[in-house]
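The values are calculated or read from the model by the stated rules, or taken from the named source; none is laboratory data. Source: prediction; values computed, not measured. Glycine also receives a Cβ, built like all others from the backbone with ideal geometry; neighbour counts cover every protein chain displayed.
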Amino acid sequence: MSENEEQSGPEVQAEPAEDTTRWEWWAIFGVAIAIVQLAIWGLVFLRTGTLSVYAYSVALPFVAFLTLPAMLLGLIRALFRPPAIRKSRTIGFLGLLLAGTLGAAHTISPPLSTEDWQSKEPYQLPFEGTWITLAGGDHRSTNYHVITTAWRWAYDFTKVKDGKRHQLDGIKNEDFYCFGEPILAPVSGEVAIVENTVPDNAVGETNQSKPLGNFVVIKAAEGHYVYLQHMKFESVTVRPEDTVKQGQKIGECGNSGFSLQPHLHIHSQNTRDFPYSEGLPVRFTNYRVGDTVIEAGMPEGHAEWTEDKGTIVQPNR
C-alpha cells in the first residue's frame, strides 16, 4: 500500500442538504383548512336554514380548533429545521391564521333565512309595570345575543324603580324588584316544553349545567316557538299541552340557569330545538317609552349589561 493511499483513508459522504422548496404536510393542511373555512362561510351566507345554523355554530369553531395542533407543529419545525422562513411555511401559517380567525371570532350577526319574518301573532310585553331592557334590538352594540343563531333577536328584561334594579345592596335575589314578579304569556298558543325544577342561583353565580334554568316554551304557530327563561324555582304554573292566552300568568321571574342576577330572557325561534334553530325577530306591540306609545318595535338594551342603561318600557294596557 502506498503512502498516499494510507493518508487518504475512507471517503466520507456529506449529508444531502434539505430541500427547502418542499411543502410540509402541516403547511398544506393550513392552506386546505383555510379553503374549507371559506366554503363553510359561503354555506352560512346561503341561508339554507338548519344546515347553515350547524355550519355557523358547529363547523366553523370545530375547524378553527383543528388549526391549533397544526400551528404548534409548524412553529416547532420552524425553530428546529432551519431555515425558519420559507415561502411554503409562510403561506401555511397565513392559512392557519385565516382559518382560526374565521372560526373563532364570531364578530358579525349570523345571516339567517328568517331575517324578514314577521309574526302573525302580536307580541305584548310579558310583565306589568316599568322594566328596563338590559339587552335587546338588532345590533351588537345594544344586544350581545345577536352573534348567536337561536338568540339572534333575544331580550333580557328586569324591573326598575326610581332608576334602580334593586334595593339595599343587591346581594340577594329578593333585593331585586323583578324577583318573584308575574311573567305573562306574550302570545297565545300551546305550551310545548316546561322546566320547573332548577334552583335559583345566588347573585353572582351561574348554573352552567342547566343554562336555560326554569323555562316555558309556547308554540304560537307552526314554526314559531317562544322561549321564556330564568324563571323562579317551582313558579311555573303551566304544563306541556296546556293552551295559554296572551297575558295569562305562566310563572314568576327568577334567577335560574346561566344567570348572574334576576331577570327575564325571552326569544323566539323557528323550531322547538335549542340551540340549533334560527331566531325570529320579536317586535313588541303597544308599549310605552316614557310618554310615547310604540305601536311595534324592538326596545334596545345597552352594550354594558351591568349598567342601569337601556330602554325603559311599560305595557300600554
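Hey, among Leu184, Leu228, which residue is at pLDDT 95 or above, on the phi < 0 side of the Ramachandran plot and within 21 Å of the chain's Cα centre (by Cα)?
On the way: Leu184 fails: within 21 Å of the chain's Cα centre (by Cα).
None of the other options fit; the residue is Leu228.
Take the residues in segment 83-113 that are touching a residue at least 60 places away in the same chain (Cβ under 8 Å) and not in a helix (DSSP H, G or I), then tell me which one is farthest from Thr271 (Cα to Cα).
Pro83
How about segment 186-212: which of its residues are under 23 Å from Ile171 (Cβ atoms), of a type in the set (A, V, I, L, M) and surrounded by 15 or more Cβ atoms within 10 Å (Cβ to Cβ)?
Val198, Val203
Answer with yes or no whether Tyr155 is closer than 16 Å to Tyr225 by Cα and either in contact with a helix residue (DSSP H, G or I) (Cβ under 9 Å, 6 or more places away or on another chain) or surrounded by 22 or more Cβ atoms within 10 Å (Cβ to Cβ) (or both).
Numbers: closer than 16 Å to Tyr225 by Cα: yes; either in contact with a helix residue (DSSP H, G or I) (Cβ under 9 Å, 6 or more places away or on another chain) or surrounded by 22 or more Cβ atoms within 10 Å (Cβ to Cβ) (or both): yes.
When the stated conditions are applied, Tyr155 passes them.
So Pro240 passes all but one of these: (1) surrounded by fewer than 20 Cβ atoms within 10 Å (Cβ to Cβ); (2) closer than 21 Å to Gln124 by Cβ. Which condition number does it fail?
(2)
Every residue in segment 163-181 that is of a type in the set (D, E, K, R) and at pLDDT below 95, please.
Kept after step one, since they are of a type in the set (D, E, K, R), are these residues of segment 163-181: 164-165, 169, 172, 174-175, 181.
Those that are of a type in the set (D, E, K, R) and at pLDDT below 95: Lys164, Arg165, Asp169.
Given the condition over 16 Å from the mean Cα position of the chain (by Cα), over 21 Å from Gly129 (Cα atoms) and not hydroxyl-bearing (Ser, Thr, Tyr), answer yes or no: does some residue in segment 277-291 qualify? Outline the logic, then answer.
The initial filter retains those residues of segment 277-291 that are over 16 Å from the mean Cα position of the chain (by Cα), namely 282-291.
Add one more test, that the residue is over 21 Å from Gly129 (Cα atoms), and what stays is none.
Looking for residues that are over 16 Å from the mean Cα position of the chain (by Cα), over 21 Å from Gly129 (Cα atoms) and not hydroxyl-bearing (Ser, Thr, Tyr), one finds none in segment 277-291, hence no.
Residues being under 18 Å from Pro126 (Cβ atoms) and out of contact with any strand residue (DSSP E or B) (no Cβ under 6 Å at 6 or more places or on another chain): count how many of those fall in segment 278-288.
Quick first cut of segment 278-288, residues under 18 Å from Pro126 (Cβ atoms) only: 279-288.
Add one more test, that the residue is out of contact with any strand residue (DSSP E or B) (no Cβ under 6 Å at 6 or more places or on another chain), and what stays is 281, 286.
Count: 2.
How many residues are touching a His at 6+ places or on another chain (Cβ under 9 Å), outside any loop (DSSP other than H, G, I, E, B) and either free of Cβ contacts under 8 Å to residues at least 60 places away in the same chain or hydroxyl-bearing (Ser, Thr, Tyr) (or both) when one looks only at segment 175-217?
Qualifying residue count for the region: 3.
Just the residues that are among the basic types (Lys, Arg), under 25 Å from Gly247 (Cα atoms), over 10 Å from the mean Cα position of the chain (by Cα) and in a loop (DSSP other than H, G, I, E, B), please, taken from segment 126-163.
The first filter runs over segment 126-163 and keeps only residues among the basic types (Lys, Arg), leaving 140, 152, 159, 161.
So of that shortlist, the ones also under 25 Å from Gly247 (Cα atoms) come out as 152, 159, 161.
The next check asks that each one be over 10 Å from the mean Cα position of the chain (by Cα); those that pass are 159, 161.
Of everything in segment 126-163, nothing turns out to be among the basic types (Lys, Arg), under 25 Å from Gly247 (Cα atoms), over 10 Å from the mean Cα position of the chain (by Cα) and in a loop (DSSP other than H, G, I, E, B).
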